[in-house]
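Visitor: Below you'll find the structure I mean.
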Amino acid sequence: MLADLKHTLRQLRKSSGFAATAVLTLAIGIGANAVVFSVLNALILKPLALPHAEQLMFLERMPVDSPNQSYLDYRDMRDQTSAFSGLAAYRMESGNLDTGKSPATIWFYEVSGNYFDVAGVQPHLGRFFHSADEHGPNSAPNVVLSYGYWKSHFGGDPQIVGRTVQINRHPLTVIGVAPERFRGTELFFSSALWVPMVNENQIEGWNFLDERGDHTIFVIGRLKPGVSITAAESDLNVISSHLATQYPNTDQGVQMRLVRPGLIGDTLGRPVRAFLGGVMLLAALILLATCANLGSLFAARAADRSREMAIRLALGSTRGRILRQMLTEAVVIALLGGVLGVQGAAMLLRWLSGWQVIPNSPIQVPVNPDATTYAVALLLSLVSGVLFGITPVRQVLHSDAYQLVKAGTSAARVWRRLTLRDMLLVVQIAVCAVLVTSSLVAVRGLVHSLHSDFGFSPEGAMLARFDLHTAGYDDAKTEQFQREALDAIKRIPGVYNAGYINHPPLSVSVSDTLVYANGTTDFRPLNSAADAMFYKISPGYFSAARTALLAGRDFTWHDDAKTPRVAVVNERFARKVFGSIENAVGGYFMKGDKSRLEVVGVVQDGMYRTLTEEQQPAMFLPILQDTSDETTLVVRVNRSTTQMAAALQKTLVSLDPGLPVRIETWPDAMDTALFAARAATVALGVMGMLGAMLAVTGIFGMASYTVSKRMRELGIRVALGARRGEVLQAALGRSVKLLCAGSIAGLLLGMAASKVLASVVYEATPRDPLVVCGVVVAMILLGTIAAWLPARRAVSVDPAILLREE
């Protein structure tokens, strides 16, 4: 083996161009797989970085397939379960943190007192709060800082314990700092701190702790040792049955399902798993194309070295000895390519882990490479080396040393009807066409998502967000300020429409509730007419958002708490609850709190949670009848956004200098909704570029090798009067046919493989005519670019020089 290694290094040094090409090609394939596998491992394969993480389970409600639970249901399950050592509740929220300097907007966890006990972590500094600290609403004014926030905003002050900070103008005492590696129980969420959930009413200004029908929290549990998932689900469903008997209006027909934690159950986990699985498949195809490329190179190299092998056989070497030396050469190249690829992947992954995906959001993706990533990269390197290293086996085993030595290199049969190199090139081109197809599908889907009908028009609109509760406003002052601010904003030059909504569609915050037919007396979930999204808006919102009113009227300022309750619904709501738009206007429906509402208008359907969701029922309620502390001002403008942002800020500050306000354009605010589509487009765009590079190198290598082996024949053809077109046909016709065959196969496979994108990228379809045409044009261009140099060499052949050399 040492002799084989020395011989390999001499050969690679002698053929440095071939070695560099092979190493760089393999580095692309190994690096792409290392990056994708590391993301897949961090988000899907590897459990949360917590003690005995395999015991942790996330609870979901069925059959509604919802990750949300009510606090009272959680408390009953926590107290009655025998399958779990503990159940903990949590939710994510934003707020204003005042440390004595300038207030800042932060994202944090609201958690039950036993959260850290269920997670199984110990504090880095100070202590955690526990169930014993809770003695009713607003009884635990404590806060635990995350390690990162403690370091970045408090300078790692070891005396931080006991210090008072204010969240939404309410004082809380810092009692501890979480350990460095603990980010919480959701992988995407980077929290600044943790506060007790019992302080919800004080911190957020509303109280869901006593509402059994308010499904606002997430629940995670730790299984007792030896308890299976099936047994735990059965235990929870027995409790659910008891709750359904006690509380038929809210818990009837609810079952529990356990899933892995970290991605908000299957709500986010299912599309993430589908997308990463698809990208992992494409990365594997890149490696397959790489191996096909290198296999073709090794087969051509073996053909060029056929005389050398013949002499070695004639001198007494065995065929096994030659194969072993060739495999050693392949594995050395594979290991060098693997090392280079993993180094590049590690740099990219470290950058991804620190990347703030969306500004002013808590979303981060912790995908630092670990030992598993390096082990997989090593395994892929060895397997790849063996795969492309064994391609010349047939040539070695069936070579005739006597004929090769007698006839020389020209006796090598390089132009049989169908060679291994031909099949490898077809495979490589097909794989590359799959990658190009997938990337074009993602790009087209992103274009659709940017120019689709959302049910509102973000272009030309600005958002001003503020929370009046955190600024100390009660309901009366909230209503007064909202009216004054709206009137002041409308007087700004360049503003021609404005209105309020509690939180805009396609934002992080979503709210839904069950609605019932008019006259319903049994308010069990099974009797509901629809599960509808709901929003609280002011008069003028529909005009500012450019949401079309299809029937009826908009709200007015007379729709207040002293008048009968009314609602505007979308077209889907009207058809599902009333059968048609015409029947909806003037009709009545009921909510779970037994309130009765009259439908006064119908607006167009829109998108509310995600771009890829099915059409959802939605209703809009007057902000004067359903007060909201969370306020987003939608302003339609006809001047530059920079000028308008300054004017909006100045106007709102003049009304209340201490009110924290965040102003942004509506398209910028949709970054969260568009993140999946953009991430898919970037990831698959990179895959497509890598595929294009491999296609160029594969076609170039095949064409160059063909031309080099047929130079004498081409010279004779030219000497006999062949035209340039005939020479090109003879030299490159076979390569063009293989390119066409591989492209067609790849296009068909890509159309099938790209279906997974439909769950991530809005209106992504591989059957788009522009996608099909784009793939065809791309493959033709790639083939033309790759064959250009060999074609020039073929048509410029000088028969006199060639025949003189022979």
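Visitor: Can you give me the distance in nm between label points at A476 and N207, each placed 7 Å from the Cα along the Cα-to-Cβ direction?
Guide: Placing both labels 7 Å along Cα→Cβ, they lie 2.1 nm apart.
Visitor: Place a label point 7 angstrom from the Cα of D157 along the Cα-to-Cβ direction, then list the residues of the stretch 132-147 whose backbone nitrogen is under 16 Å away.
Guide: So the set is 143-147.
Visitor: Could you sort 552-563, 736-747 so that the peptide with the highest average Cβ count within 10 Å comes first and the rest follow in order?
Guide: So the peptides 552-563, 736-747, ranked by packing, come out 736-747, 552-563.
Visitor: Ranked highest first by average number of other Cβ atoms within 10 Å, how do 143-156, 637-650, 184-197, 426-439 line up?
Guide: Working: 143-156: 18.6, 637-650: 15.2, 184-197: 22.7, 426-439: 28.4.
Highest to lowest by the protection proxy: 426-439, 184-197, 143-156, 637-650.
Visitor: Looking at the stretch 64-118, I'd like the Rg to Rh ratio, where Rg is from alpha-carbon atoms and Rh is Kirkwood's inverse mean 1/r.
Guide: 1.13
Visitor: Grab every C-alpha pair in the stretch 93-135, bin the distances at 5 angstrom width from 0 up to the longest one, and report whole percents.
Guide: Result, from short to long distances: 5, 18, 18, 18, 22, 14, 4 percent.
Visitor: Separate question: Applying 1/(1 + (r/R0)^6) with R0 = 25 Å to the Cβ-Cβ distance of Q643 and S543, what FRET efficiency is obtained, to the nearest 0.05?
Guide: 0.70
Visitor: Which length gain, in nm to one decimal place, applies between Q122 and W788 when the Cα-Cα distance is subtracted from 0.36 nm times their residue separation?
Guide: 233.3 nm
Visitor: Given a 1.4 Å probe and every protein chain left where it sits, what share in percent of the accessible area of the stretch 100-213 is carbon and sulfur?
Guide: Numbers: 2290 of 4690 Å².
It is 49 percent, rounded to a whole number.
Visitor: Relative to the present Cα-Cα distance, how much length would full extension add between E614 and W351 at 0.36 nm per residue of separation?
Guide: Full extension of this stretch gives 91.2 nm more.
Visitor: Now, a different point. Determine the per residue accessible area of the stretch 96-199 with all protein chains present and a 1.4 angstrom probe, expressed in square angstrom.
Guide: Details: 4190 Å² over 104 residues.
Ligands and nucleic acids excluded, the result is 40 Å² per residue.
Visitor: Nearest 0.05, what FRET efficiency do R491 and E726 give at R0 = 56 Å with Cβ-Cβ as r?
Guide: After rounding to 0.05, the efficiency reads 0.10.
Visitor: Next question, about the same structure. With N set to the residue count of the stretch 160-268, report its C-alpha Rg divided by 2.2 N^0.38 Å to two decimal places.
Guide: On the way: Rg = 17.7 Å, N = 109, 2.2 N^0.38 = 13.1 Å.
Normalised Cα radius of gyration, the stretch 160-268: 1.36.
Visitor: Counting Lys +1, Arg +1, Asp -1, Glu -1, what net charge surrounds I581 among other residues with beta carbon under 9 Å of its beta carbon?
Guide: -1
Visitor: What is the spin-label model distance, in nm, from S580 to H52 if the labels are put 7 Å beyond Cα along the C-beta direction?
Guide: Inter-label distance under the simple model: 6.3 nm.
Visitor: Quick one: length gained pulling I363 to L379 fully straight, 0.36 nm per residue minus the C-alpha distance?
Guide: 2.5 nm
Visitor: Which FRET efficiency value, to the nearest 0.05, do you get for V238 and L45 by plugging their Cβ-Cβ distance into 1/(1 + (r/R0)^6) with R0 = 25 Å?
Guide: 0.20
Visitor: Here's something else I'd like to know. Just to compare against my own numbers: the Cα pair-distance distribution for the stretch 564-697, 10 Å bins, whole % per bin, please.
Guide: Result returned by the calculation: 9, 23, 25, 24, 12, 5, 2, 0.
Visitor: Give me P(r) over the stretch 130-220, computed from all C-alpha to C-alpha distances, binned every 5 Å, as integer percentages.
Guide: Spelled out bin by bin, the stretch 130-220 gives 3, 12, 21, 22, 22, 14, 5, 2, 0 percent.
Visitor: Report the per residue volume, in Å³, of the convex hull enclosing the C-alpha atoms of the stretch 183-231. Could you put the intermediate results ahead of the total?
Guide: Details: hull volume 7.5 nm³, N = 49.
It comes to 154 Å³ per residue, whole-number rounded.
Visitor: Taking a probe of 1.4 angstrom, what is the accessible area of R270 in Å², to the nearest 10?
Guide: The accessible area comes out at roughly 110 Å².
Visitor: Then there's this: Would you calculate the separation in nanometres between label points at D65 and H130, each defined as 7 Å from the Cα along the Cα-to-beta-carbon direction?
Guide: About 4.1 nm separates the two model spin labels.
Visitor: While we're here: Determine the alpha carbon to alpha carbon distance for each of K14/K737; K477/K562; K536/K650 and list only those over 29 Å.
Guide: K14/K737
The values are calculated or read from the model by the stated rules, or taken from the named source; none is laboratory data. Worth saying up front: this structure is predicted, and the values here are computed from it rather than measured. In this analysis, Cβ positions are derived from the backbone assuming ideal geometry, glycine residues included, and neighbour counts consider all displayed protein chains. We work out accessible area using only protein heavy atoms, side chains counted, and drop any ligands, DNA or RNA first. Shrake-Rupley method; radii C 1.70, N 1.55, O 1.52, S 1.80 Å.
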